[in-house]
Every structure is written in C-alpha cells, then in structure tokens.
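I have placed the structure first, in the form of structure tokens, so that the comments after it can refer back to it.
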Amino acid sequence: MKKTIQIPLGSQHISLLEPIRFKFECENEKIIGVDADVGFVHRGVELACTRSFEFKQVGYVVARVCGLCAITHSLSYTLAVEKLLGYEANDRIKYLRMLMVELDRIHSHMLCLAHTAENAGFEALFMQIMGDRELIMDVQEAISGNRVQFDYISIGGVNRDMTPELTALIHKNLRLLSDKIDALIGLFDNNWSLSLKYKGVGVLSLKDAYTYNALGPLARAAGLATDVRAETNDFPYETLGYQMILESSGDIHARNFVRLREIVNSMEICRNIIDNLPVGEIQEKAKGKPNGEAVVRVEAPRGELFYLVRGNGQNMLERVRIKTPTFSAIPAMMEVFKGSEYADAPAILASFDPCMSCTAK
Amino acid sequence: MKFFSAFRKKSPWVLHYNAGSCNGCDIEILAALGPKFDLERFGVINTGNPKQSDIFLVTGPVTYRSRERLVELYSQIPEPKVVVAVGSCTTTGGVFRGMYNVEDGIDRYIPVDVYVPGCAASPQLIIDALVKGLDVLEAKSKEIEHPFKLFGTIEMIGNKLSRLNMAKKVEQHEKN
C-alpha cells in the first residue's frame, strides 16, 4: 500500500493571490516532498521588450511585470539604459527615486504581513494592517497620481516634482504609521496565539539559506547578510540612515520581524530624504541611443533584482534579461516546506512573499 | 437609507482569479476588501470556491496556460452569475496585447458583463463595477425565476399553480 498521499494546492486557491500550483507529498500531516509549478502567468514580456516597444517605452512595459514592485523594475531598467547613454542623474532625481522605492517597500512589506496573518487565520489582523497600509497608498497617490502602477520614473529623471504640501502630507502619514508599526511590533512579539502559528514554523537554517541561494528578507531572517542596498553605490543609502536588518531564527516570526524592522528603517530613510532634498531639475535630457551592455542590481522588496540590457545603437534593444528575486529563491522555499505540517503551508507560503508574475514574466 | 436598501437584496460572493495579471489589480481588490473601502458592507465576501460564488472577478490578459482554468472556473459557478473584467489588460489585453503567450482579454473565452478600465483599476472603480454587477445579477435571476415564459401563460387553480396543466403544456411543447 502506498504510504504517502499527494495534496495539491492551487492553481486557484483562496490563500493565493496568483496562480501557482504546489504538489505536496504528505505522510499523515507532515510534508515530505514538494513540487511547484510557477509558469501560469508567463506572458513573454522579455521578448516584447525587444520586438514591440522602443527603448523609451520599455521602462513602462517592464513596470507591468509586477504590480507590487513596479517601481523597482522601472528603476533598474532606467538605470541600465542611463548607464548605456553615459548619463548620471543629479542628486534630486536620485533622492526622489529612492523615496518612491522605499515607500513601495513599506507598502509591499505591509501587504505581505497582512497576507501572512490572513493565511494563518488572523482575519482581524489582516484588516488592521490593510487599513494602516492605506496611509502609504495615499502618499503614493499624492506623489505620483496613481496608487499602484505609478509610472514615476522615466529615462533622464522623474515625472513629478515634490511640493511643500506633499512634504507635509508625507511627514504626517509617516508619523501616524510609525505609531501603528510600533504597536504591530509589540503585537507580533508578545501575542501568544500569533506565536503558536509563527514561532518555530517554516524554519530556514543559515546553511540552507546560503546553499539554496535565498534572497531578501528570507535570507536576512536566517542571518545571511545580503542586501543590494549595502553592496552597490548607485544610491547614497549609507548617508541616509540605512541599516542592515538581521534576525537569526529563520522562521515565519523572524521573517515578519525583518519586514517590520525594515519598514521602520525605510520610514527613517524617507524622512531623511524629505528633510535633505537637494535643489535641482527633476527632468534632464538624456540623449543618444543605447549601445553596449549594462548590468544593474537593485534591492526590490523581495530581494535582489537583476537587469541586463543590451543595445546596438538602434531604437529597439537587442536583449532585456530580467532575473527576479522569487525566481532565485524557489529552491530555498521548497526546502522550507519539507518537514512542516500541511496546515501551516499557506502561512509559510505567504511568509516568503512570493511574486509569481515576477517569476514567470 | 434608500441607497443601501438596493444592496440588501443580495449579498454577492466573489470569486477572484488571476489570469496572468501583474498583481496590481489583485492588490487593489484586496485593498477594496480592506477597511478603508470596505466592500464587505455590501455583503461581498471573497470565497475561494466557485460553487458558492455569484460574481467572477477576473484580472489579467489570459495567458495561454490559464485559459482552461478560466473556462473551468466559469462553468463551475452556478447560474445566475456575473463576470467582471478588472483592469485594462483584462478588457483588451492592454500593454500585453500582442505578446506571444497572451490571448488579449477574457471576452474571447467567457461572456463579460462589466468591464473595468484602469491600470491598475482603482478600488473605487472596482466597487462601482460590483454595484453595477449587482443590477445585472438581479436582472439575470429574474429571468431564471420565470422559466414558464416558454410555455405561454401560467395555468392556475385558485391561487395555486396547476401542476397537471403545466405538465400537459410541457408535453405539448416537447412534441412540437
């Protein structure tokens, strides 16, 4: 007689935002093997970037690879093209771009926290975090004009300027949010029923994180010090109060805590940016056609985002290669599932913050 | 409260399926279900089960691999059902139109009742679409409540339906 049972999860499931199919090989309640199918949302963005769109338009197309980290996609593409054009943005443009990326990180992390809470069965906590998240969405709408797909970054600058009213709004909302995040940190740390679902569940050890190439909060929760913001010098993160956030236990609780503390750090960066915003133009002429090959790494909310852009002096690019954080982290995710209970699977999955539309493109 | 009385007639349950979207509309649907926009005051609950849902919220331009699942989910929802296409790429293909793995909008595969434009569609628009969907749902359920239209007038004895006379009518209809 067969000793194990196969349980599918997906491709359409209440706990999933996006289609992904898991096949869990279970022995009683314990998961002993996992198989994942991630290709449901493949659209062919990479090819279309080289066939259908000119290089000036591609920045807005790659933003549609992922709605959650749209700004990091368009930022990495723009940086790559600007490298090829031999153009370097002034400090004001850099600061404004950083501001949007950090705001995007805050709202993405909050969505992940909310989704993890919902999948672990804490519906009220989900509602509470989603309500707090609207403070950041309001700021994003005020700055860029759209709540999610803000096409804020263009080649040679940014599309909208900062005004004193916006500065006041950002300060106000960050102050409100900061109290709520402090309350959430206390809740996640001390609540007994949350600790039952989160502490010691879905553990990724430091060795596994290193071996299986974990990235972003997933790696930092296991104690692996990897963050593109600290490794590259495209942006002046060090001067604006950036800190590497590390935890050591590697379970869902540690991942939640990395996210919460990163939100606090990102709010600090946002405040510093607004207070020290340099004077200058927000849009400059970047002339020429991209010729040659450029590689850019940017820290997306989920980890390292890698872009390769190759042009040959024409309007159309030769190659755009996107390597997204979730794609790199899939082996590590598979490893975490093994040995945990099936009932914890949705919460573990949400705690990775997987982005399938990034992965499949 | 005349405004809300219209919504009390039915509390529609929603099935959400991502047919290849960029997550933008999906997180806006989540935001609409959240406390600020609060779709749940209209009785809307996000279910994962097609057999319990009334409104089918689809996002994304339908990729090659998701179309079978889309049609399968649509056929599992019981009548009456309303399909709402959320986002520009769901209605026309949007920015993904013409890409090799994309089918340019869901109305090639299933009939759509309400189209929502926008990239990404804002929660206000999604709420408007669901309220519009409720009207469609009401109209559709009224049609289903009167199946005897096919057979002319309804035969009554006193104030009760005459089953014998109706059965004779159905028999006559089948012979023709």
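The table for this structure:
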read-out: Condition check for A:Arg51: touching a Cys at 6+ places or on another chain (Cβ under 6 Å) and basic (Lys, Arg); value: no
read-out: Subset tally (residues that are under 30 Å from A:Met162 (Cβ atoms) and either touching a residue at least 24 places away in the same chain (Cβ under 8 Å) or among the acidic types (Asp, Glu) (or both)) for the range A:240-260; value: 8
read-out: Which listed residue is at pLDDT 85 or above, farther than 20 Å from A:Ser351 by Cβ and of a type in the set (D, E, K, R), from A:Asp234, A:Asp179; value: A:Asp179
read-out: Matching option when the condition is away from chain B (no Cβ under 14 Å), over 26 Å from B:Gly60 (Cβ atoms), part of a helix (DSSP H, G or I) and among the acidic types (Asp, Glu), among A:Glu335, A:Glu299, A:Glu318; value: A:Glu335
read-out: A:Arg64 vs. criteria farther than 23 Å from A:Asn265 by Cβ, in contact with a Cys (Cβ under 8 Å, 6 or more places away or on another chain) and touching a residue at least 40 places away in the same chain (Cβ under 8 Å); value: yes
read-out: Selection from the range A:233-292 of residues that are small (Gly, Ala, Ser) and crowded, with 16+ Cβ neighbours inside 10 Å; value: A:Ser249, A:Gly250, A:Ala254, A:Ser266, A:Ala286
read-out: Matching residues, the range A:304-324, being surrounded by fewer than 18 Cβ atoms within 10 Å (Cβ to Cβ), touching a residue at least 40 places away in the same chain (Cβ under 8 Å) and in contact with a Lys or Arg (Cβ under 6 Å, 6 or more places away or on another chain); value: A:Leu308, A:Glu318, A:Arg319
read-out: Enumeration of residues in the range A:224-268 that are touching a strand residue (DSSP E or B) at 6+ places or on another chain (Cβ under 9 Å), part of a loop (DSSP other than H, G, I, E, B) and charged (D, E, K, R); value: A:Asp227, A:Asp234
read-out: Long-range neighbours under 6 Å by Cβ, at least six apart or interchain, first residue at positive phi and touching a residue at least 60 places away in the same chain (Cβ under 8 Å) within the range A:209-238, second crowded, with 19+ Cβ neighbours inside 10 Å and of a type outside the set (D, E, K, R); value: A:Asn213/A:Ser328; A:Gly216/A:Gly303; A:Gly216/A:Pro325
read-out: Failed condition for A:Gly280, given (1) within 17 Å of A:Lys94 (Cβ to Cβ); (2) touching a residue at least 24 places away in the same chain (Cβ under 8 Å); (3) out of contact with any helix residue (DSSP H, G or I) (no Cβ under 8 Å at 6 or more places or on another chain); value: (3)
read-out: Matching residues, the range B:9-41, being touching a residue at least 40 places away in the same chain (Cβ under 8 Å), assigned to a loop (DSSP other than H, G, I, E, B) and more than 11 Å from chain A (Cβ to nearest Cβ); value: B:Lys9, B:Lys10, B:Pro12
read-out: Residue count, the range A:232-275 (criterion: more than 17 Å from the chain's Cα centre (by Cα) and among the charged types (D, E, K, R)); value: 7
read-out: Test: residue in the range A:91-113 that is farther than 29 Å from B:Gly94 by Cβ, within 14 Å of chain B (Cβ to nearest Cβ) and in a helix (DSSP H, G or I); value: yes
read-out: Whichever residue in the range A:325-351 is in contact with a Lys or Arg (Cβ under 8 Å, 6 or more places away or on another chain) and crowded, with 23+ Cβ neighbours inside 10 Å and, among such residues, is farthest from A:Cys26 (Cα to Cα); value: A:Pro325
read-out: Residue check for B:Tyr115: closer than 27 Å to A:Glu134 by Cβ, touching a strand residue (DSSP E or B) at 6+ places or on another chain (Cβ under 8 Å), away from chain A (no Cβ under 12 Å) and aromatic (Phe, Trp, Tyr); value: yes
read-out: Scan of the range A:118-161 for residues that are hydroxyl-bearing (Ser, Thr, Tyr) and within 10 Å of another protein chain (Cβ to nearest Cβ), ordered by number; value: none
read-out: Residues that are at pLDDT 85 or above, surrounded by fewer than 20 Cβ atoms within 10 Å (Cβ to Cβ), within 13 Å of B:Pro12 (Cα to Cα) and away from chain A (no Cβ under 12 Å), drawn from the range B:42-76; value: B:Lys51
read-out: Any hit, the range A:173-191, residues being surrounded by fewer than 16 Cβ atoms within 10 Å (Cβ to Cβ), out of contact with any Lys or Arg (no Cβ under 6 Å at 6 or more places or on another chain) and within 12 Å of chain B (Cβ to nearest Cβ); value: no
read-out: All positions within the range A:141-166 that are under 18 Å from the mean Cα position of the chain (by Cα) and outside any loop (DSSP other than H, G, I, E, B); value: A:Ile153
read-out: Top-ranked residue in the range A:10-25 [being part of a loop (DSSP other than H, G, I, E, B) and farther than 18 Å from B:Ser53 by Cβ; ranked as farthest from the other protein chains (Cβ to nearest Cβ)]; value: A:Ile20
read-out: Counted residues, the range A:45-76 - those being assigned to a helix (DSSP H, G or I) and within 14 Å of chain B (Cβ to nearest Cβ); value: 21
read-out: Qualifying positions in the range A:214-223 - within 18 Å of A:Pro301 (Cβ to Cβ) and either out of contact with any helix residue (DSSP H, G or I) (no Cβ under 8 Å at 6 or more places or on another chain) or part of a loop (DSSP other than H, G, I, E, B) (or both); value: A:Ala214, A:Leu215, A:Ala222
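The rows are residues; the columns are (1) among the hydroxyl-bearing types (Ser, Thr, Tyr); (2) touching a Pro at 6+ places or on another chain (Cβ under 9 Å); (3) over 21 Å from A:Ala63 (Cα atoms).
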residue	(1), (2), (3)
B:Val82	no, yes, yes
B:Thr91	yes, yes, no
B:Tyr100	yes, no, no
B:Val112	no, no, yes
B:Cys119	no, no, no
B:Ile127	no, no, yes
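The values are calculated or read from the model by the stated rules, or taken from the named source; none is laboratory data. Here the structure is a predicted model, which is why all the values come from computation and not from measurement. Cβ sites come from the backbone with ideal geometry, for glycine too, and all protein chains shown count toward neighbours.
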